[in-house]
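The values are calculated or read from the model by the stated rules, or taken from the named source; none is laboratory data. All figures in this text were calculated on a predicted structure; none of them were measured in a lab. Glycine also receives a Cβ, built like all others from the backbone with ideal geometry; neighbour counts cover every protein chain displayed.
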């Protein structure tokens with residue numbers, strides 16, 4: 001054999017003489033079958049790989065014996081049963097460096113490695129324009145599937161239209177996107193659980209007395225995450241009957257610690273220092289910002305805070321465990337487990353198997369009474 005070989009990234013092989021022809025043909029068949037999701041006849045596979053029928057059949061039979069390929073007895077088509085590098089999945093993460101996002105990304109990278117799927121990670125950086133730019137890039141790269149994790153509800157239909165026109169299926173994490181599979185928490189039920197926990201806190205700590213409620217939301221995220229706040233109010237007002245549970249102020253904490261700190265600080269300075277205030281934050285980063293403001297003003301005894309997502313796990317668990325902290329409760333969504341579950345859904349879709357349009361994540365309430373269980377689970381004790 002003469003000439004030089006090139007690898008998947010265009011790099012020349014240093015030793016063409018070591019090339020194994022039959023293995024190369026087998027890899028070509030895998031790649032060809034991956035591009036034909038519905039299965040392919042023997043003749044189509046042979047033509048696509050420039051092989052004679054007998055060679056293609058022997059390779060396919062070998063794959064079938066090892067469980068990599070299945071033959072449909074009715075259609076006579078061969079179908080690939082395992083993930084392989086021919087699947088290219090684009091992944092636009094929420095923001096690198098955010099504990100929740102990093103946990104999801106780490107799980108996806110590991111799951112893709114084990115499934116032999118090529119994962120193409122991008123960083124949306126909390127930025128709507130970045131999300132659109134990254135969608136364009138994934139479309140140019142002709143990925144087989146796109147994963148979107150971004151917090152701007154107004155951008156979701158734009159991305160949906162872009163991917164639909166490119167015929168690229170999509171899964172949206174936490175913020176729904178029209179036409180995309182959804183993977184994330186049931187925000188309303190999470191909020192309901194947190195509201196009930198906050199109500200129990202009010203009865204135990206303040207003997208049922210409550211003066212005001214502050215909601216630290218992320219307005220740009222739209223109605224879906226807001227349903228968490230709706231659930232919180234429903235749970236709280238079902239447990240606390242006084243007027244204080246209905247004196248509600250909404251502020252935009254933007255889902256960040258610094259913005260939530262500033263919003264809470266401004267709110268505290270507008271009211272009496274002895275007013276008993278419950279704060280529902282859109283996530284735990286936001287909750288930590290509110291707690292910092294309460295501590296700075298010496299309001300810990302008159303403040304109760306709930307968050308959501310147990311992230312960053314070390315700081316949140318330490319706050320909840322601290323008997324002097326205003327942090328009442330959070331919801332754990334186990335983001336470290338997102339990756340393998342999401343990739344399983346995507347691979348099933350790519351193999352033309354039925355998948356549900358919505359997959360809710362496992363959730364668990366974290367309060368002071370059970371915080372040690374989570375400390376053990378996360379190896380932080």
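Going by the conditions given, is residue 340 part of a helix (DSSP H, G or I), over 27 Å from residue 226 (Cβ atoms) and touching a helix residue (DSSP H, G or I) at 6+ places or on another chain (Cβ under 6 Å)? So residue 340 fits the description; yes.
Against the list (1) part of a helix (DSSP H, G or I); (2) within 30 Å of residue 79 (Cβ to Cβ), the condition residue 375 fails is (2). If you go through segment 97-108 and keep only what is part of a helix (DSSP H, G or I) and crowded, with 17+ Cβ neighbours inside 10 Å, you end up with 99, 100, 101, 102, 103, 104, 105, 107, 108.
Against the conditions (1) outside the structural domain of residue 323 (by TED's automatic domain parsing); (2) in contact (Cβ under 8 Å) with a residue 40 or more places away in the chain; (3) on the phi > 0 side of the Ramachandran plot, residue 169 satisfies every one except (3). For residue 238, the requirement of being modelled with pLDDT of 95 or more, more than 25 Å from residue 315 (Cβ to Cβ) and in a helix (DSSP H, G or I) is met.
For residue 217, are the conditions met, namely being in the same structural domain as residue 341 (by TED's automatic domain parsing), more than 18 Å from the chain's Cα centre (by Cα) and within 29 Å of residue 92 (Cα to Cα)? Spelling it out, it is not the case that residue 217 is in the same structural domain as residue 341 (by TED's automatic domain parsing), more than 18 Å from the chain's Cα centre (by Cα) and within 29 Å of residue 92 (Cα to Cα). In segment 291-321, the residue that is surrounded by the fewest Cβ atoms within 10 Å (Cβ to Cβ) out of those that are part of a loop (DSSP other than H, G, I, E, B) and at pLDDT 95 or above is 298. Taking the conditions (1) more than 30 Å from residue 70 (Cβ to Cβ); (2) assigned to a loop (DSSP other than H, G, I, E, B); (3) in contact with a helix residue (DSSP H, G or I) (Cβ under 9 Å, 6 or more places away or on another chain) in turn, residue 369 satisfies each one other than (3).
The single condition among (1) under 23 Å from the mean Cα position of the chain (by Cα); (2) surrounded by 20 or more Cβ atoms within 10 Å (Cβ to Cβ); (3) modelled with pLDDT under 95 that residue 244 does not meet is (1). Within segment 263-288, the set of residues being touching a helix residue (DSSP H, G or I) at 6+ places or on another chain (Cβ under 8 Å) and either free of Cβ contacts under 8 Å to residues at least 40 places away in the same chain or part of a loop (DSSP other than H, G, I, E, B) (or both) comprises 265, 268, 273, 274, 275, 276, 282, 283, 288. Only residues that are part of a helix (DSSP H, G or I) and touching a helix residue (DSSP H, G or I) at 6+ places or on another chain (Cβ under 7 Å) were counted across segment 344-362, and they come to 1.
Each row is one residue, and each column tells you yes or no for (1) touching a helix residue (DSSP H, G or I) at 6+ places or on another chain (Cβ under 9 Å); (2) assigned to a helix (DSSP H, G or I).
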residue	(1), (2)
95	yes, no
110	yes, yes
113	no, yes
119	yes, no
136	yes, yes
152	yes, no
163	yes, yes
167	no, no
171	yes, no
